[in-house]
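I have placed the structure first, in the form of structure tokens, so that the comments after it can refer back to it.
The values are calculated or read from the model by the stated rules, or taken from the named source; none is laboratory data. Since the model is a prediction, treat every value here as computed from it, not as a measurement. Glycine also receives a Cβ, built like all others from the backbone with ideal geometry; neighbour counts cover every protein chain displayed. Surface areas here come from the heavy atoms of the whole protein model, side chains and all, with no ligands, DNA or RNA. Shrake-Rupley method; radii C 1.70, N 1.55, O 1.52, S 1.80 Å.
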Amino acid sequence: MKERMNSRHDLDQLLNAEAQQGVAKLVRDLKDEEPDMAWRAALSSKIMEQSVAVQRRRKFNFFLKPASGLALASCLALVVVVSTQRPQTVPSNPAPAVASASIEKLIIDEHQNVAYATDVSGVGLAQPEANYERAPRVADDPILVDFFQL
Amino acid sequence: MNDLATESALIDRCRKQDPKAFADFIDLYQARVLGFVKRMVENSEDAADVTQEVFIRAYQNFHRFDQRSSVRTWLFRIAHNLCIDRARKTDRRLKTASLSYSDEDGDEVIDVQDTRWEPETMALDNELATVIERGIGELSEKLRPVLLLHDREDMAYEEIAELLQIPVGTVKSRLFLARAHLQQVLTNYWNGDVVPSRKGVTS
């Protein structure tokens with residue numbers, strides 16, 4: 001650490017030496033050329049081009065920022081609407097299955113009633129007078145047992 | 001104080017990308033930046049192009065200038081970076097000073113013999129200026145910006161360290177080596193070993 005400090009101190013001393021300061025003075029006294037007018041004019045025109053581009057960008061941003069905000073808000077609204085409708089559509093799917101099952105049952109029942117009315121009462125009886133559901137079942141009524149099968 | 005306030009107001013206007021204010025800013029720095037770039041880039045046409053590029057970049061990015069460093073440091077950092085880029089693009093092999101050194105940590109002990117020196121006998125005439133310019137041109141990519149920023153732009157060691165992203169000790173050692181090289185070049189010239197030509201110096 002002490003060596004480092006000494007080294008730095010030595011370096012400062014070296015830089016402040018007469019020879020080093022003499023070179024520094026000579027370098028400092030070198031003359032800089034002023035840029036010519038053509039160079040300056042070319043630079044000014046380039047800066048003006050940049051300035052126009054900057055102004056155009058600012059105008060674009062002036063419209064772009066509200067438009068992008070509006071688009072973002074629309075997207076958010078759409079997401080909200082879709083997410084709120086989704087739970088209603090999910091339970092509605094089984095309902096048609098239930099409805100179709102009940103329709104099938106009604107059709108089968110109707111067909112059984114018609115067939116029963118035709119078989120039991122024969123021609124001439126109005127179908128509503130015989131009801132398959134109101135008819136006694138074979139197993140329950142001993143009169144209707146088919147004795148030939150026993 | 002008044003100058004500082006004026007410059008601060010000018011910088012504020014430049015940050016708003018006011019082209020008129022930036023024209024004043026160019027007038028303030030153009031000669032210094034062009035001088036720096038000319039000494040960093042070999043070709044004078046390249047130097048003019050690079051200097052224009054420096055100011056265009058400054059104009060484009062002035063709104064990002066956060067004033068943590070001085071505007072001069074910021075501007076010369078742009079200039080330095082563009083000079084390095086240009087040198088690499090043109091694949092320029094920068095001649096290095098014939099001095100052995102190691103400046104990685106800035107704490108090395110430098111062993112360069114001091115040569116006999118008589119500054120009072122030297123007047124800065126055109127011929128001598130040519131010799132010095134030639135000597136600066138011979139410096140390496142590492143030594144040259146340190147010399148120019150310290151001895152031409154009068155920047156502090158800390159400011160140069162910040163600009164070049166190197167330790168302060170490295171700045172000092174590079175400055176010492178750059179000056180030592182110029183000292184050697186001038187001594188050779190003084191002893192008649194180097195004769196300046198019309199365009200520069202021939203050995």
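With respect to A:Leu26, is the statement that it is within 7 Å of chain B (Cβ to nearest Cβ) and either part of a helix (DSSP H, G or I) or under 23 Å from B:Phe55 (Cα atoms) (or both) true? So that I can check it myself, show each step before the final result.
Values: within 7 Å of chain B (Cβ to nearest Cβ): yes; either part of a helix (DSSP H, G or I) or under 23 Å from B:Phe55 (Cα atoms) (or both): yes.
Against the criterion (within 7 Å of chain B (Cβ to nearest Cβ) and either part of a helix (DSSP H, G or I) or under 23 Å from B:Phe55 (Cα atoms) (or both)), A:Leu26 qualifies.
So which helices (runs of 4 or more DSSP H) stay within region B:1-110 end to end and still have 1 or more residues that are open to solvent by less than 50 Å² (accessible area, probe 1.4 Å), more than 21 Å from B:Ala178 (Cβ to Cβ) and at pLDDT 90 or above? Spell out how you get there, then give the answer.
Details: elements: B:2-15, B:19-40, B:44-61, B:71-89.
Fully inside region B:1-110 and qualifying: B:19-40, B:44-61, B:71-89.
Take the conditions part of a helix (DSSP H, G or I) and open to solvent by less than 50 Å² (accessible area, probe 1.4 Å) and apply them to A:Gln55. Does it pass?
Working: part of a helix (DSSP H, G or I): yes; open to solvent by less than 50 Å² (accessible area, probe 1.4 Å): no.
Answer is no for this residue.
Among the listed residues A:Glu3, A:Glu33, identify the single one that is modelled with pLDDT under 90, open to solvent by 100 Å² or more (accessible area, probe 1.4 Å) and part of a helix (DSSP H, G or I). Explain how you work it out, then say what you get.
Details: A:Glu33 fails: part of a helix (DSSP H, G or I).
The unique qualifying residue is A:Glu3.
Just need a number here: residues in region B:122-157 that are within 8 Å of chain A (Cβ to nearest Cβ) and free of Cβ contacts under 8 Å to residues at least 40 places away in the same chain.
Of the residues in region B:122-157, 6 are within 8 Å of chain A (Cβ to nearest Cβ) and free of Cβ contacts under 8 Å to residues at least 40 places away in the same chain.
For region B:158-174, what are the residues that are touching a residue at least 40 places away in the same chain (Cβ under 8 Å), open to solvent by 10 Å² or more (accessible area, probe 1.4 Å) and part of a helix (DSSP H, G or I)? Can you show your working first?
We begin by selecting, within region B:158-174, every residue touching a residue at least 40 places away in the same chain (Cβ under 8 Å); these are B:159, B:162-164, B:166-174.
Applying the additional criterion that residues be open to solvent by 10 Å² or more (accessible area, probe 1.4 Å) yields B:159, B:162, B:164, B:166-169, B:172, B:174.
Of everything in region B:158-174, those that are touching a residue at least 40 places away in the same chain (Cβ under 8 Å), open to solvent by 10 Å² or more (accessible area, probe 1.4 Å) and part of a helix (DSSP H, G or I) turn out to be B:Glu159, B:Glu162, B:Leu164, B:Val168, B:Gly169, B:Lys172, B:Arg174.
Tell me which of these B:Ile166 doesn't satisfy, since it passes every other one: (1) under 22 Å from B:Asn43 (Cα atoms); (2) away from chain A (no Cβ under 11 Å); (3) modelled with pLDDT of 90 or more.
It is condition (1) that B:Ile166 fails.
Among the numbered conditions (1) within 7 Å of chain B (Cβ to nearest Cβ); (2) open to solvent by less than 70 Å² (accessible area, probe 1.4 Å), tell me where A:Ala41 comes up short.
Unmet for A:Ala41, out of (1) within 7 Å of chain B (Cβ to nearest Cβ); (2) open to solvent by less than 70 Å² (accessible area, probe 1.4 Å): (1).
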